[in-house]
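The values are calculated or read from the model by the stated rules, or taken from the named source; none is laboratory data. All values reported here derive from a predicted model rather than from experimental measurement. No Cβ is skipped: glycine too gets one built from the backbone with ideal geometry, and neighbour counts run over all protein chains shown. The accessibility values were calculated without ligands, DNA or RNA, using every heavy atom of the protein model including side chains. Shrake-Rupley method; radii C 1.70, N 1.55, O 1.52, S 1.80 Å.
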Amino acid sequence: MMEAIAFYVMAAVAVAGALLVVSLRNTVHSALALGLSLAGVAGVFACLSADFLFAAQLLIYVGGIAVLIVFVVMLLGRTSDLHLRQVNEQWAAAALVCAITGAGLWRLTAFFSAAPGGAPHAAQTRPIGLLMLGEYALPFELISLVLLAALLGAIFFSKKELS
Amino acid sequence: MSVGLSHYLVLGALLFLIGLFGALTRRNIIGILMSIELMFNAANINLAAFNHYLHPGGVAGVTVALFVITVAAAEVVVGLALVLTIYRNSATTYMEDFHLLKG
């Protein structure tokens, strides 16, 4: 019962934050709502007993990505933006695409409705570490290369042109 | 009423659809980046839920979700650096003004 309450509260936070992200006119408010939605998703991970994923989500998404987006919004924002329309004219077509995608996802969800119950809660940090240094060692090293490339790319793109 | 796998899948589908709608309709490029982050999170919820319900005791799905989080962080860093550069050159963040490659 407690798990159901926790799940529904966290899911409501995540969905409400996501709705605010796509509907608010002020981009700063959108970025703050994104942080709220990401924190709700972290709570959903906690309901799934994914403890390491919960911590990583809070550290990387809420503490890193959301803050970075708020920084950039504040660097680029102009006060005149608050009076401009923030959605384009294609909302009907976008709603149609979303409806079709939603129908397909609903069929897939119904396919999994008879899944067995979940595993008992257990600590996951040690198995993840063993998996990353054992079977998943190659993807682990590749992801560090991706991070290095992203670091260099961000410096390269954002430095001033020397003419 | 207990929470099962389909609840998490419905939540992931809802977040994905909201993110898809935002990515298709937002005019501001930062809004589009935020919507894409929502879609990444929907995929991560599905990975963690499948790991919990269909692979009890394993951690493969959670590990893949961690890789997804890392790639999303790299993507948003490079994307925001590109947005800063475009803003420096054309002083706009609205998608319909990005027509540098149009002949």
Subject >> Output for the range B:76-103, where each listed residue is touching a residue at least 12 places away in the same chain (Cβ under 8 Å) and either of a type outside the set (Gly, Ala, Ser) or within 22 Å of residue A:89 (Cβ to Cβ) (or both) >> reply: B:76, B:80, B:83, B:86, B:93, B:94, B:95, B:96, B:98
Original post:
Given the structure, is residue A:102 at pLDDT 90 or above and more than 7 Å from every other protein chain (Cβ to nearest Cβ)?
Top reply: no
Original post:
Any residue at all in the range A:111-128 that is of a type in the set (Val, Ile, Thr), exposed (fewer than 15 other Cβ atoms within 10 Å of the Cβ) and over 28 Å from residue B:20 (Cα atoms)?
Top reply: yes
**OP:** Please enumerate the residues belonging to the range B:63-82 that are among the β-branched types (Val, Ile, Thr) and under 17 Å from the mean Cα position of the chain (by Cα).
**Re:** B:64, B:68, B:69, B:70, B:71, B:76, B:77, B:78
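Across the range B:13-49, which residue is most open to solvent (accessible area, probe 1.4 Å) among those that are touching a strand residue (DSSP E or B) at 6+ places or on another chain (Cβ under 7 Å) and within 7 Å of chain A (Cβ to nearest Cβ)? Steps first, answer last, please.
We begin by selecting, within the range B:13-49, every residue touching a strand residue (DSSP E or B) at 6+ places or on another chain (Cβ under 7 Å); these are B:25-28, B:32, B:35.
Now restrict to residues that are within 7 Å of chain A (Cβ to nearest Cβ): B:25-28, B:35.
Details: B:25: 2, B:26: 8, B:27: 37, B:28: 6, B:35: 1 Å².
The residue in question is B:27.
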**OP:** For the range B:50-63, name all the residues that are within 10 Å of residue A:118 (Cα to Cα) and at the interface with chain A (Cβ under 7 Å from one of its Cβ atoms).
**Re:** B:52, B:53, B:54, B:56, B:57
Original post:
Which of the residues spanning the range B:70-85 are within 15 Å of residue B:36 (Cα to Cα) and hydroxyl-bearing (Ser, Thr, Tyr)?
Top reply: B:70
